[in-house]
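Notes follow once the structure below has been shown.
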């Protein structure tokens, strides 16, 4: 576009000149046809008596035609014509290009106007001091003047064409012109270089099919391109083609170039092509698209080895013929992802990798793990010997057909944590500086993703360990009763939540509790641990649930920051079952299959230091089930509303044991919940079985 205002008129001028010259060629090539016709006419007119004169005129006409068909300047044309006509046919020969005079004839002079292609171009004046010009010679001079005028006109056209061609040759845009057969009749130097030729002359001498055969050429869709797909061919067929974007890979070097080809018709049945190299634009576009896909893959999974394998598959064959991702393991680099475009070669690559794993102290590994990128193209036997010193290993590398490679570090926050190698073999592709920048960007993104995945694994293991410490290892066995529990932390990233439960013996019986502290994560874990262990210790020492709650309340109230906590407690003794609620949802008693809330409601823990709690005493009957739960159950979110109390009662209706009650809640929540779980969920149930006797 930047040269459009310059290119358009230059191309138009060149096309017009080419049309004129080509039309001239049709008139004078082959020259013998024209000359023969003239000889025939002259021969009929004069008969045998004028053979000598006819031979002279034949030579003059032939000479003038050859001058007209040769690239000469105007001065050179004048000089050649003077040499042709003097001194035999004329003593003097004057070609006046400033004035046009009418035809005139005397016995010693002839004046004829010069006309070419329908316009006056000057005057031819002949004079002789040794011959008498006849009427026949005057007519011959008029015929000769037509050839002289054409020679002068062509000289001007050739000069103008040379000037315009020089201007086109200086442009960065590649321009070619095709004749009606598809043959190239003009190409500037930019076109030659764009298509891989040394000079425009070399390009013009190459048949069109041979030019396109130098490349593997594809449309943007990946479909192969033939000669007939090109816009210039479409113009020659009378069509009006749209610009065509093609991707070409040179068969001899593997170099990739992107081009947009535009073609327009021109007078004389010609097609003018303008070829723009858009390689850098396309590479940047594809690099950004590729990096976006890489980022999406890296974010899709925390299994980094699987993700790295998917990235390697994405890179092959788009960026390389094969890709190998390695990470340090002991004193070697372990391959965590190896992909090759050819399954047979992949097996060979695995064998090579297993037999010759890279050592951490190898020169290449030291450089890459030191943060340096490597890029080597045009690998021949000498380069391979410099890279791989061991002959046996070098022979194995040679079987892989290695032509070029890049090795870049995978960078974590503290430096390289591995390497990614991109290599080419059978495709013959070379790697550019832009390819290396893209590979380095992939290495940085992959390194961060691997490091994050490792941190997540460590964090998850810490969370699991911490969670195991916050919850009972296993529910105890209570003589004559059965326990069942459910714990669901909110989301896979929150293995440590604020909900907890416990069951432990006291001097008078057994205490069961379910609690909920604010928040999740480390802070919630610390408060959860304090709450559970305070209640367990106080409960076992005092054997009084209300006193245990008061003890925890004082501990929480003494903290500098507000740390509220809710708890539901049950103390089962031989005579009664006491139920207390400290700001917590009331437990549900299921009797004869019908659930109802029980327990005396009191303030939450940690809000008021002087708070007190009173129990509701129950007597459990055989078949009764008592269910303690946190608000994560009733607050579970569905598509339109929350799970709520009514759905919970409905889920428990008809259940007759602790395990059945817990399972019913789990099924109901799984069926109702929409999206990710928003809050932790804890359920603890106890039942008094009906005696089998």
>> Could you check the spin-label model distance between residue 331 and residue 346? Points 7 Å from the Cα along Cα→Cβ, value in nm.
In response: 3.3
> Over the Cα atoms of the chain, what Rg and Dmax result, in angstrom?
Replying inline: 48.1, 159
>> Could you tell me the calculated FRET efficiency between residue 670 and residue 179, based on Cβ-Cβ distance and R0 = 56 angstrom, to the nearest 0.05?
In response: 0.15
>> As an exercise, use a Förster radius of 45 Å and the Cβ-Cβ distance of residue 98 and residue 281 to find the FRET efficiency, rounded to the nearest 0.05.
In response: 0.25
>> Helix 545-557 against the longest principal axis of the chain: what's the angle in degrees, Cα atoms only, rounded to the nearest 10?
In response: 50
>> Test of understanding: extend the Cα→C-beta vector of residue 109 to 7 Å, then name every residue of region 73-92 with backbone N under 19 Å from that spot.
In response: 86, 89-92
>> Roughly how far apart, in whole Å, are the Cα centres of region 615-693 and region 522-601?
In response: 18
> What ranking, highest mean first, results for peptides 553-562, 315-324, 86-95 when packing means the other Cβ atoms within 10 Å averaged over each residue?
Replying inline: 315-324, 86-95, 553-562
> Angle, helix 31-46 long axis vs. longest principal axis of the chain, Cα atoms, 0 to 90°, nearest 10?
Replying inline: 20
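For every helix of n ≥ 4 consecutive DSSP H residues, a contribution of -39,500 (n - 2.57) applies; sum these over the chain, divide by its total residues, and give [θ] at 222 nm rounded to the nearest 500 deg cm²/dmol.
Working: 21 runs with 300 residues, N = 693.
Result for the chain, helices only: -14000 deg cm²/dmol.
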>> Considering the Cα positions of region 172-277, please state its Rg to one decimal place and its Dmax as a whole number of Å.
In response: 12.7, 38
>> Using alpha carbons only, how many angstrom separate the centre of region 402-427 from the centre of region 196-259?
In response: 33
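Which of the peptides 361-371, 643-653 is most tightly packed, and how do the rest follow, going by the mean number of other Cβ atoms within 10 Å of each residue? Before the final figure, lay out each step's value.
On the way: 361-371: 15.0, 643-653: 16.9.
Highest-to-lowest ranking by the protection proxy: 643-653, 361-371.
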> Which whole-number percentage describes the relative contact order of region 283-460, with Cα contacts under 8 Å and a sequence gap of 6 or more?
Replying inline: 23
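Which whole number in µm²/s is D for region 503-651 by Stokes-Einstein, with the Kirkwood Rh taken over Cα pairs at 10 °C and 1.306 mPa s? Before the final figure, lay out the partial values.
Numbers: Rh = 16.0 Å.
So the translational diffusion coefficient is about 99 µm²/s.
Assuming 0.36 nm per residue, please report the length gained on full extension of the stretch residue 640 to residue 573 beyond their Cα-Cα distance.
Details: separation 67, 0.36 × 67 = 24.12 nm, distance 4.30 nm.
This chain segment gains 19.8 nm when fully extended.
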> For region 401-464, what are the per-bin percents of Cα-Cα distances with bins 10 Å wide, up to the bin holding the maximum?
Replying inline: 22, 36, 24, 12, 5, 0
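Over the chain, what relative contact order in percent results from Cα pairs under 8 Å that are six or more residues apart?
Working: 1290 pairs, mean separation 47.6, N = 693.
Computed value for the chain: 7 percent relative contact order.
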>> If I take R0 = 56 Å and measure r between the Cβ atoms of residue 455 and residue 691 in this structure, what FRET efficiency does the formula 1/(1 + (r/R0)^6) give, to the nearest 0.05?
In response: 0.55
> Of the listed peptides 627-638, 330-341, 124-135, what is their order by residue-averaged count of other C-beta atoms within 10 Å, with the highest listed first?
Replying inline: 627-638, 330-341, 124-135
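Tell me the relative contact order for region 172-277 as a rounded percent, counting alpha carbon contacts under 8 Å between residues six or more apart. Spell out each step's value before the answer.
Values: 206 pairs, mean separation 29.1, N = 106.
Value for region 172-277: 27 percent.
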> Once label points are set 7 Å from the Cα along Cα→Cβ at both residue 659 and residue 426, what is their separation, rounded to one decimal in nm?
Replying inline: 6.0
> So what's the angle, to the nearest 10 degrees on a 0 to 90 scale, between helix 343-355 and the longest Cα principal axis of the chain?
Replying inline: 60
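At 10 °C and 1.306 mPa s, grab the translational diffusion coefficient of region 231-291 from Stokes-Einstein with a Kirkwood Rh over Cα pairs, rounded to a whole number in µm² per second. Present the calculation step by step, with values, prior to reporting the outcome.
Numbers: Rh = 13.1 Å.
In µm²/s, the coefficient is 121.
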> For labels at residue 117 and residue 372 in the simple 7 Å Cα→Cβ model, what's the distance in nm?
Replying inline: 6.5
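Every number here is computed from the coordinates shown, using simple stated rules; none is lab data. Predicted, not measured: the structure shown is a model, and the values here were computed from it. FYI the Cβ positions are ideal-geometry reconstructions off the backbone, even for glycines, and counts take in every protein chain you see.
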